[in-house]
Amino acid sequence: MTAETAGATKRPITIEDPTALKFIADPQISPDGARVAYVVTTMDVDEDTYRSQIWVVPTAGGEPARYTGGKNDSSPRWSPDGARLAFVSKRGDGTKEGEKKAKPQIWLLDLDGGEARQLTKAKNGASDPAWSPDGARLAFLARVGGKDDAEEAEGDEAKDGEKAKKKSDVKVITKIRYKANGIHHLLVDEGYKHLFVLDVAAAADGPADARQITDGEWDDATPAWSPDGATIAFCSNRTPDRDLNNHTDLWVVPAEGGEPRKLTESRGPSGTPAFSPDGRTIAYLGHVNPEPYRRYANANLWVVPADGGAPPRNVTGDFDRSLSGGVGSDTRAGGLAQSPRWTPDGRGVYTLLAERGMAHIYRTDVVSGDVTRIVDGERGVMNFTLSADGRTIAFTATDMLNPGDLYVCDADGGGERRLTRLNAALFDRLDLSAPEHIVYAGVDGWEIDGWLMKPVGFEAGKKYPLILEIHGGPASQYGYSFFHEFQGLAAAGYGVLFTNPRGSTGKTAGFTTANRSRWGEEDYGDIMAGVDEALKRDWVDADRLGVAGGSFGGFMTNWVVGHTDRFKAAVTMRCVSNLVSFFGTSDIGFTFLDMQFETEPWDDVEKLLKYSPITYVKNITTPLLILHSEEDYRCPIEQGEQMFIALKKLGRDVEFVRFPDENHDLSRNGKPAHRIERLQHIVRWFDKYLQD
């Protein structure tokens, strides 16, 4: 706390405060271990968008310095000698229209001075830069094919004296995966993401052509160099029925190009490969092979010989926790895939681990399989990296009263120190509600974690309304992260309850998959048991309960008000209401229902209707506010429309708020103006029905 704020009166947080927040991501330690580069993202209220730049701070502590001045800079990657920093930037010609049309490219900044210069000129943009060990080349990903390339190959110039033929805007769809949430246009126009290698010296005088080393009608991802620079590992789903499954495998390809070689036979996602220091082994995160539905269960650490001479080995098969995932939050700059990090001696691998509302860093002995917690605490680690000498870890972490900062510690977790205080100037002035961790008995006595927040300005002896918040997924978790929506409700005079019922991550695989084929059964009971636990506090008003949730939380909100009238107001967001129509309208519905309900609509429509909230809509008497994004392809807006039309026909109290040009991630990375308005509607609705 500064001298200026020490005596200042603190105030409640406002709905608009996040526009002043700084979000941190993607820490990268320099090869000599002396500095950490990271990305800071802010909201540009005037342009109603986000801006990001790259900052650097000494690992010993000191004043952070901004290293890039672009509007959209990300993915900082140190060259092996530490003299240069490659990064991704989307830079136009200085005009709004030029910025809108610009594609992200890879740029290079010499740290001894000078302006950044553009390295790549990929037509559809470049991403995921990865330096070769000798620093002479950069691997990256870029999309090829798709609408633009097809039109260029076709040509559209008219012959002399002839009128140019108008291009058809009709879409011919032949693939089941023809759309994806977060992508405005259809995937038929998108092309495929493949691996390229650029000789950095060739771009000394300007952007240069790169060599494409993978191709085909599939996407490639997460390139990783072998220590000798001869090979690149990557992930890809190249199965014949890839449109109908989620089976991602590890591949290796010569860095000069050639035929890729497959190393795994997965029955689920495998990703984020990392070569061991001697180059003989690749570590990656994957799921147990025999079961095709493990995508929503716990991820394990696997190793496989880089030459493919033996099958993969599950190192953490006996450790029943997920070595991936984090803690839900509405104040972070997107989710970055966290790759495993080898110790220099090749014996250990660092990974993230989700556990009981927290996310920590663990080290696994690849020989014995022993797993040791390195970085712990009541917080959620977002991303981390390990220095080249294996002595220092840099990581970003959030907790319940801080959106996120950068920390470093020794390899054993000792000597931790905080390097940034990005939002201290704002948070030193805010009166926040500190959530109380509660553990209670769910259905069949299962132990359930929850958190209870008192209203800001709480007065003993006074009764307050309570809002139950339900998370999405269902395979995700609430916990020790900053959640502005919850703090905003507390500032508006509400208690807030959030829980991790069965189906959540952070515990055993059995816990995470326990509600499979049973949405609305025991998980609903776990949630309602949390409400009963909260009601044991004399400050909670049983006659003024509200409920809200998004995605699976929207499904469960619909389910709750269709099965009880205990709540006096409800807000359902990006919801699911009808599993039968969800199958054919969601971008994942055709695989998701099989994974979660073990059936298809034509095999057991009665089962899907039994677990569809729309079936119980006639029971709903709770006033319901429906919030939905018009470009939500994950839980399409027709799901919200069905609830609205049915309730209006029944004469119930319902409103429908539609957000144009937004997708499933509105609450996390939607346009700043829409994010503010969304929260205003939530508070308005609860104020109408729950406040005195």
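Worth pointing out:
- Considering the stretch 616-654, and only residues there that are part of a loop (DSSP other than H, G, I, E, B) and hydrophobic (A, V, I, L, M, F, W, C), the residue that is most open to solvent (accessible area, probe 1.4 Å) turns out to be L650.
- Scanning the stretch 655-684 for residues that are more than 21 Å from V547 (Cα to Cα), in contact with a helix residue (DSSP H, G or I) (Cβ under 9 Å, 6 or more places away or on another chain) and open to solvent by 60 Å² or more (accessible area, probe 1.4 Å) yields D661, N669.
- Tally of residues being in contact with a strand residue (DSSP E or B) (Cβ under 8 Å, 6 or more places away or on another chain), open to solvent by 30 Å² or more (accessible area, probe 1.4 Å) and touching a residue at least 24 places away in the same chain (Cβ under 8 Å) across the stretch 399-431: 7
- Selection count where residues are without any contact (Cβ under 8 Å) to a residue 24 or more places away in the chain and surrounded by 21 or more Cβ atoms within 10 Å (Cβ to Cβ), scope the stretch 252-282: 1
- Residues satisfying the criterion are present in the stretch 208-221 (criterion: in a strand (DSSP E or B), of a type outside the set (D, E, K, R), open to solvent by 60 Å² or more (accessible area, probe 1.4 Å) and in contact (Cβ under 8 Å) with a residue 12 or more places away in the chain).
- Condition broken by T41, with the remaining ones in (1) under 28 Å from the mean Cα position of the chain (by Cα); (2) open to solvent by 60 Å² or more (accessible area, probe 1.4 Å) satisfied: (2)
Okay, residues lined up against (1) assigned to a loop (DSSP other than H, G, I, E, B); (2) within 17 Å of A204 (Cα to Cα); (3) open to solvent by less than 40 Å² (accessible area, probe 1.4 Å):
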| residue | (1), (2), (3) |
| --- | --- |
| D81 | yes, no, no |
| A86 | no, yes, yes |
| R91 | yes, no, no |
| E97 | no, no, no |
| L108 | no, yes, yes |
| D112 | yes, yes, no |
| A122 | yes, yes, yes |
| A130 | no, no, yes |
| L138 | no, yes, yes |
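- Screening D46 on (1) open to solvent by 40 Å² or more (accessible area, probe 1.4 Å); (2) in contact (Cβ under 8 Å) with a residue 24 or more places away in the chain shows it passes everything except condition (2).
- Scanning the stretch 510-548 for residues that are in contact with an Asp or Glu (Cβ under 6 Å, 6 or more places away or on another chain) and surrounded by fewer than 21 Cβ atoms within 10 Å (Cβ to Cβ) returns a single hit, S517.
- The residues of the stretch 572-591 that are touching a Lys or Arg at 6+ places or on another chain (Cβ under 7 Å), surrounded by 21 or more Cβ atoms within 10 Å (Cβ to Cβ) and not charged (D, E, K, R) amount to a single one, S586.
- Among the residues making up the stretch 249-281, those that are farther than 19 Å from G229 by Cα and in a loop (DSSP other than H, G, I, E, B) are T264, E265, S266, R267, G268, P269, S270.
- Filtering the stretch 523-534 for residues that are touching a residue at least 40 places away in the same chain (Cβ under 8 Å) and over 18 Å from I448 (Cβ atoms) leaves an empty set.
- Number of the condition not met by H360 [criteria: (1) free of Cβ contacts under 8 Å to residues at least 24 places away in the same chain; (2) closer than 27 Å to E469 by Cβ; (3) open to solvent by 30 Å² or more (accessible area, probe 1.4 Å); (4) of a type outside the set (K, R)]: (3)
- Residues of the stretch 225-248 that turn out to be in a strand (DSSP E or B) and either more than 30 Å from Q596 (Cα to Cα) or at pLDDT below 95 (or both), as a count: 4
The values are calculated or read from the model by the stated rules, or taken from the named source; none is laboratory data. Quick caveat: nothing in here was measured; it's all calculated off a predicted structure. Here the Cβ is made from the backbone with ideal geometry for all residues, glycine too, and neighbour counts use every protein chain on show. Side chains are part of the model used for accessible areas, which takes the heavy atoms of the whole protein and leaves out ligands, DNA and RNA. Shrake-Rupley method; radii C 1.70, N 1.55, O 1.52, S 1.80 Å.
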